[in-house]
Amino acid sequence: MESRLEFIEVRGERPQQPLCRAVIDGLAARQKSLPTHFLYDRAGSELFERITELPEYYPTRTERSILEANAPHMIEAAGEGAALVEFGSGSSAKTRLLLEAAMARQPELKYVPIDISADFLRSTAQTLLSEYPRLRVTALAAEYFDAIDALPAHDGPRLILFLGSNIGNMTHAEAADFLGRVRARMEPQDRILLGVDLVKDRAILEAAYNDAQGVTGLFNRNVLHRINRELNGHFDVECFRHHAPYDERMARIEMRLHSVGEQHVAVDDVERTFDFADGEYIHTEWSHKYTRETFAALCAPAGLEIAEAWRDPREWFAMMMLRPNR
Ligand code: AVI
């Protein structure tokens, strides 16, 4: 089995901003904010898994239903003998639908999962290899941007997957930059397959990000527990209220943590105390929603166009296949 697995740890060029720097910069600013990726430590990732199963959180199950209905068409559209490359592969749960559709058409399949968590990546790769004897895996333990430069070549088309509407958590500028960098590494026959959450009624969106059981609130507030644990912070986590309104003009959900009352919070390891007025909030995440048109406009300057799109019957979510436009 090991001979079908190549495991590469990609050394990052750009040093990651540590949590202490993010706290000093983010909580001293006029509009307080914390970088989104700090939501995802082990506890945060487990809470996000719980979010994906909530009745109000439709994106994960809707994307899955689109894959269930269309995986063979998607593989066919990717071209003969395609290799699958996946950014943010996680447990590769939804990807199995595409892996199986590809293996139904070709004798062998090359799969390149990319994930920041090396341990998780290795165990997922080993599970897949034990289940699929015709699979070969080149696993890249890397940050997205570092992985782009390390993508293995393939003698045939590559289908580059970016599932789960993760693109929505990037700003438009970050998303355009990411797509442009991937595009710069694409051969003319390569394709990108991306999950995109679509613009829809405010009530549906706000329910999905302000669920009745309060799991999204636990997920959001987990970043404060993390500061308490990792930097000897003194946040009274119960004194911050989760709220995620939808901004129609910007077509995005914004996750916020509002201070309940005036507070002064010391974080010992950075030797600072941060002041919060009653109601003042920390921004933690954006989740952008698109239409086919706004998404096409994002892709064009990056050198990409929509070749095909698949939607669910309610048109809440889309999977878009992108190809080089020049
Ligand atoms: C990971 N990402 C696509 C989720 C989203 O829907 O934007 C993160 C999330 N935040 C709150 N709920 C889910």
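When N counts the residues of region 185-272, how does its alpha-carbon radius of gyration compare numerically with 2.2 N^0.38 Å, as a ratio?
The value comes to 1.52.
Compute the length gained on full extension between Q213 and E131: take 0.36 nm times their separation in residues and subtract their Cα-Cα distance, giving the result in nm to one decimal.
25.9 nm
Working from Cα positions, state the angle (0 to 90°, nearest 10) between the long axis of helix 118-131 and the longest principal axis of the chain.
So the helix axis and the longest Cα principal axis differ by about 30 degrees.
What three numbers, in Å, describe the spread of the alpha carbons of region 10-88 along their principal axes, ordered from the longest?
Principal extents (largest minus smallest coordinate, Cα): 51, 38, 24 Å.
Once the other residues with Cβ under 11 Å from the Cβ of S259 are scored (Lys, Arg +1; Asp, Glu -1), what is the net sum?
Cβ neighbours under 11 Å give a net charge of -2.
Measure nothing but the geometry: give the 0 to 90° angle between the long axis through the Cα atoms of 172-184 and the longest principal axis through the Cα atoms of the chain, rounded to 10°.
30
Report the local net charge at A139: Lys and Arg +1, Asp and Glu -1, summed over other residues whose C-beta lies under 9 Å from its C-beta.
Once all neighbours under 9 Å are counted, the net charge is -1.
Rounded to the nearest 500, what is the chain's calculated 222 nm mean residue ellipticity when only DSSP H runs of at least 4 contribute -39500 (n - 2.57) each, over all residues?
When only DSSP H runs of four or more count, the value is -11000 deg cm²/dmol.
Local charge sum around T36 (other residues, Cβ-Cβ under 15 Å, Lys/Arg +1, Asp/Glu -1)?
-1
Between I8 and H37, how many nm apart are label points set 7 Å from Cα along the C-beta direction?
Between I8 and H37, the label points sit 1.9 nm apart.
Does anyone have the angle between helix 42-52 and the longest principal axis of the chain? Alpha-carbon axes, 0 to 90°, nearest 10?
That helix lies at roughly 70 degrees to the long axis.
Give me the dipole magnitude in Debye, nearest 20, for region 1-126 about the Cα centre, with unit charges on the beta carbon: positive for Lys and Arg, negative for Asp and Glu.
420
Any number yet on Rg/Rh for the chain, C-alpha, Kirkwood? Numbers along the way, then the final one.
On the way: Rg = 20.5 Å, Rh = 20.9 Å.
For the chain, the value is 0.98.
Just subtract the alpha-carbon distance of E293 and E49 from 0.36 nm times their residue separation and send over the number in nm, one decimal.
Details: separation 244, 0.36 × 244 = 87.84 nm, distance 3.04 nm.
Here the segment from E293 to E49 would lengthen by 84.8 nm.
What is the magnitude of the charge dipole of the chain about its Cα centre, with +1 placed on the Cβ of each Lys and Arg, -1 on the Cβ of each Asp and Glu, and no other charges, expressed in debye to the nearest 20?
The calculated dipole for the chain is roughly 680 debye.
Taking each pair of different alpha-carbon atoms in region 148-206 once, compute 1/r for the pair, average those values, and report the inverse of that mean as the Kirkwood hydrodynamic radius in Å to one decimal.
With all distinct Cα pairs of region 148-206 included, I get 13.2 Å.
Subtracting the Cα-Cα distance from 0.36 nm times the residue separation, let me have the gained length for E206 to H258 in nm, one decimal.
17.1 nm
FYI, it's all coordinate maths here, none of it is from the lab. Keep in mind that what you see is a predicted model, and the values were worked out from it rather than measured. Note that we place each Cβ from the backbone using ideal geometry, even for glycine, and neighbour counts take in every protein chain shown.
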